[in-house]
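This report concerns only the one structure given below.
The values are calculated or read from the model by the stated rules, or taken from the named source; none is laboratory data. Predicted model, so just to flag it, every value in this text is computed and none were measured. We place every Cβ from the backbone using ideal geometry, glycine too, and count neighbours over all the protein chains shown.
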Amino acid sequence: MELASSNVSIPYSAAQILEMEEFSNSLETSISKRHVENFLEGIRFWTWFELMEALKQCQKLFHSNGYLAILDKIMDEFIERLASPCAITSPYTCSSNRSSFKFSCDTSSIISFSEATWWFEHLLFLKIDLLENVIRKMIYNDFDHYVVSKFLFYYLNLSCDSASQDVKIETMKVVINLLSLLDNGSISCKDLFNLNRVTISLKIGKFCRNNIERLIGPILDQVTIDYLLLPSPIGKEHAYDVEFVLRVMKIFLLGGGSFELNLNRVKRVVRMMDLFLVEVAPDPHLQPCEFEELVMVLPDSVRETHDQLYLAMDMYLKVHAGIDVKEKMNICCTLNHEKLSPDILRHLTRNLVFPSETKPRAHVTRQSRMKTLLQENDHLKNFFDSMFGKSIKNIDVKEDVVEKIIYDGEEVKRFVELEGGTHLACVKKSGVHTMNNNIYLPKFCS
């Protein structure tokens with residue numbers, strides 16, 4: 001038998017199956033084994049296509065034997081070739097006559113033919129069991145995780161085109177498991193959401209869907225609101241899949257240290273979540289307990305403002321006017337009045353759909369009105385700064401004085417306590433009037 005890259009795996013696997021090392025006293029056996037091993041020592045001189053021929057031959061034997069020692073030798077050489085810079089300039093990398101290819105579950109997704117991915121279509125012949133072996137070998141040898149993830153989506157897209165549903169499901173399961181071995185930042189969020197959509201359509205088991213959600217959670221700050229507006233699963237009347245959003249949000253916030261969270265990442269997710277609340281609030285099938293859970297999935301400390309949250313609550317209460325007072329209270333009690341802008345706070349005080357117990361107290365409203373008034377008359381502060389060379393914001397005033405503001409038409413009066421006594425400062429639109437030639441103005445409320 002003349003040994004070649006296309007048949008060397010046959011005698012090698014035969015020796016493995018028949019345990020020919022036990023018959024080492026046989027001259028014919030020892031010669032045959034030595035010839036095979038000597039031939040494999042020259043594997044580094046094989047061409048790329050000779051490696052592919054040997055890999056195809058291994059695939060035919062792999063199904064029955066499960067493990068082939070020769071496969072490790074071929075894969076080691078294969079990965080070394082891919083990692084080598086000279087592989088990019090190899091003449092065999094230009095054998096394809098296609099200049100572009102698809103790489104994700106979305107068949108409309110096209111990327112340019114790249115030097116880093118020229119080998120993708122060369123491995124489409126791999127069956128799913130051998131594919132898993134090859135990918136694990138790549139990961140073990142520290143192959144670029146980003147490239148590996150692109151290949152998996154490319155393989156999934158093309159191999160599932162004409163496959164039966166059972167083959168598709170099996171392929172999806174293996175690919176999802178392999179993706180879970182990669183780094184969090186190496187997988188495109190668009191590819192993951194496309195993969196999630198396909199798993200739902202194929203009704204793949206909950207375990208695989210959970211794995212996809214664990215991959216989506218750490219990169220939730222990279223997605224936009226459009227990604228979260230997924231249609232509700234079959235059997236649910238909701239407009240959007242709120243349960244999916246809740247699950248990935250909890251994974252993002254409670255990642256258990258598997259990925260790093262920082263303030264900027266959390267802020268992006270908070271803004272997106274507030275937009276999602278506004279989108280789902282008009283859904284008549286969204287139950288109060290579900291809306292409340294969406295509101296409370298983010299702690300109050302991570303929200304800088306509650307304006308968007310108020311708009312979502314206002315919309316929800318108007319659409320769901322029939323819910324009882326207790327349910328309204330559970331929803332509205334999460335609203336932090338101190339994080340509302342003055343305009344929103346004024347709107348809340350006149351809003352009839354909110355329970356009266358959840359509205360701000362009178363002194364809070366007065367403070368808000370004073371803030372607005374001072375903001376509208378900020379030019380007066382600049383005038384005093386330029387005239388007296390003193391910044392108003394540096395003047396110290398006790399906080400309890402804020403509640404002593406008296407509104408009288410166009411005139412604003414304030415009593416200011418000082419160590420030397422009490423003085424009255426009056427600010428009018430027409431000008432500035434003071435007592436004892438001393439001007440005392442309130443500290444700007446922040």
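Descriptive notes on the structure:
- Test: residue in the range 143-164 that is in contact with a Gly (Cβ under 8 Å, 6 or more places away or on another chain) and buried (at least 17 other Cβ atoms within 10 Å of the Cβ): no
- Within the range 324-335, considering residues that are within 23 Å of residue 275 (Cβ to Cβ) and of a type in the set (A, V, I, L, M), the one surrounded by the fewest Cβ atoms within 10 Å (Cβ to Cβ): 335
- Taken over the range 109-126, the criterion of being surrounded by 15 or more Cβ atoms within 10 Å (Cβ to Cβ), modelled with pLDDT of 80 or more and in a loop (DSSP other than H, G, I, E, B) is satisfied by 118, 119, 126.
- Exactly one residue among 307, 300, 343 is within 29 Å of residue 219 (Cβ to Cβ), loosely packed, with under 15 Cβ neighbours inside 10 Å, charged (D, E, K, R) and not assigned by TED's automatic domain parsing to the domain that holds residue 216, and that residue is 300.
- Yes/no for residue 236 being among the basic types (Lys, Arg) and part of a helix (DSSP H, G or I): no
- Near pairs, Cβ below 9 angstrom, 6+ apart or cross-chain, from the range 27-41 (closer than 14 Å to residue 2 by Cβ and modelled with pLDDT of 60 or more) to any residue that is of a type in the set (Phe, Trp, Tyr) and part of a helix (DSSP H, G or I): 36/12
- The lone exception for residue 259 - which of (1) modelled with pLDDT under 90; (2) over 25 Å from residue 316 (Cα atoms); (3) touching a Leu at 6+ places or on another chain (Cβ under 9 Å) it fails: (3)
- Only listed residue being surrounded by fewer than 19 Cβ atoms within 10 Å (Cβ to Cβ), more than 17 Å from the chain's Cα centre (by Cα) and farther than 19 Å from residue 273 by Cβ, chosen from 210, 177: 177
- Of residues in the range 225-260 being within 15 Å of the chain's Cα centre (by Cα) and exposed (fewer than 15 other Cβ atoms within 10 Å of the Cβ), the one nearest to residue 184 (Cα to Cα): 258
- Flag if residue 290 is surrounded by fewer than 18 Cβ atoms within 10 Å (Cβ to Cβ), acidic (Asp, Glu) and modelled with pLDDT under 90: no
- Residue check, residue 167 under 27 Å from residue 252 (Cβ atoms) and of a type outside the set (Ser, Thr, Tyr): no
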